[in-house]
Amino acid sequence: MRSSSEVRRTKRPTAAVVMGLTIVTLVGCSQSVSGSRHTLYDSIDALAADSSAIVVGTVTSHHVEGEGTVSSVQVSNAPTNPQLGANVEGGACDIAVGDVVDVREIGEPHLDAGGDYLLFLTPTMLTADAAADYYVTGADAGIYVRDGDVMRRLVTDSGDALPETISIAD
């Protein structure tokens, strides 16, 4: 029969290994959580339902503000969708051709000055001057860039099952 000191010696290495694996697992999880999203989209209708506006426009300027970038977009078209704003408090926003909307991106920006984009937008729900700004719906899911006569998804590896291209009627 083993003595109690022998039992303690075998439990200590086991406990240390379990604790070490737990720490490694938690550290690994914490690194991937920061890039996660609540919703992955499987259709344009679903993306539109979580958006308060859809705009086509040109980024006229952008500046860094805090941990993100604010891009000003001159609206050249404001397409609609029957589902637009269905899941957004306040529903669809009234954005018209000629309006300028400010779009906030956290982290590395996807919108370049001079670029033409189709954007699915949702209100920021921020205060003061930022209250009138928008975020792109689904982080980067709601960004399409002009590619000739079509709009092409900018980020295709986001996990969303959205069409690669969209045609916009003028």
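I'd like to check something: does region 51-62 contain any residue that is surrounded by fewer than 10 Cβ atoms within 10 Å (Cβ to Cβ), modelled with pLDDT of 50 or more and closer than 28 Å to LEU119 by Cα?
For region 51-62, residues surrounded by fewer than 10 Cβ atoms within 10 Å (Cβ to Cβ), modelled with pLDDT of 50 or more and closer than 28 Å to LEU119 by Cα: absent.
Condition (residue is surrounded by 13 or more Cβ atoms within 10 Å (Cβ to Cβ), within 17 Å of ASP140 (Cα to Cα) and not acidic (Asp, Glu)) applied to region 76-85: is it met by at least one residue?
Within region 76-85, none of the residues are surrounded by 13 or more Cβ atoms within 10 Å (Cβ to Cβ), within 17 Å of ASP140 (Cα to Cα) and not acidic (Asp, Glu).
Please go through region 104-125 and pick out each residue that is over 12 Å from the mean Cα position of the chain (by Cα) and closer than 18 Å to TYR144 by Cβ.
Correct list: LEU111, ASP112, ALA113, GLY114, GLY115, ASP116, TYR117, LEU118.
Any chance you could count how many residues in region 56-72 are outside any strand (DSSP E or B) and either in contact (Cβ under 8 Å) with a residue 12 or more places away in the chain or under 16 Å from the mean Cα position of the chain (by Cα) (or both)?
Of the residues in that region, 1 qualify.
So which of GLY142, GLY159 is surrounded by 21 or more Cβ atoms within 10 Å (Cβ to Cβ) and small (Gly, Ala, Ser)?
GLY142
Return the only residue of ALA92, ALA53, ALA48 being in the same structural domain as ARG153 (by TED's automatic domain parsing), out of contact with any Phe, Trp or Tyr (no Cβ under 9 Å at 6 or more places or on another chain) and either of a type in the set (Gly, Ala, Ser) or in contact (Cβ under 8 Å) with a residue 60 or more places away in the chain (or both).
Residue meeting the stated conditions: ALA92.
Considering only residues that are touching a residue at least 40 places away in the same chain (Cβ under 8 Å) and in contact with a helix residue (DSSP H, G or I) (Cβ under 7 Å, 6 or more places away or on another chain), look in region 111-162 and name the one that is nearest to SER43 (Cα to Cα).
Here the answer is LEU162.
The values are calculated or read from the model by the stated rules, or taken from the named source; none is laboratory data. A quick note: this is a predicted structure, and the numbers were derived from the prediction, not measured. Please note: Cβ atoms are built from the backbone with ideal geometry, for glycine as well, and neighbour counts cover all protein chains shown.
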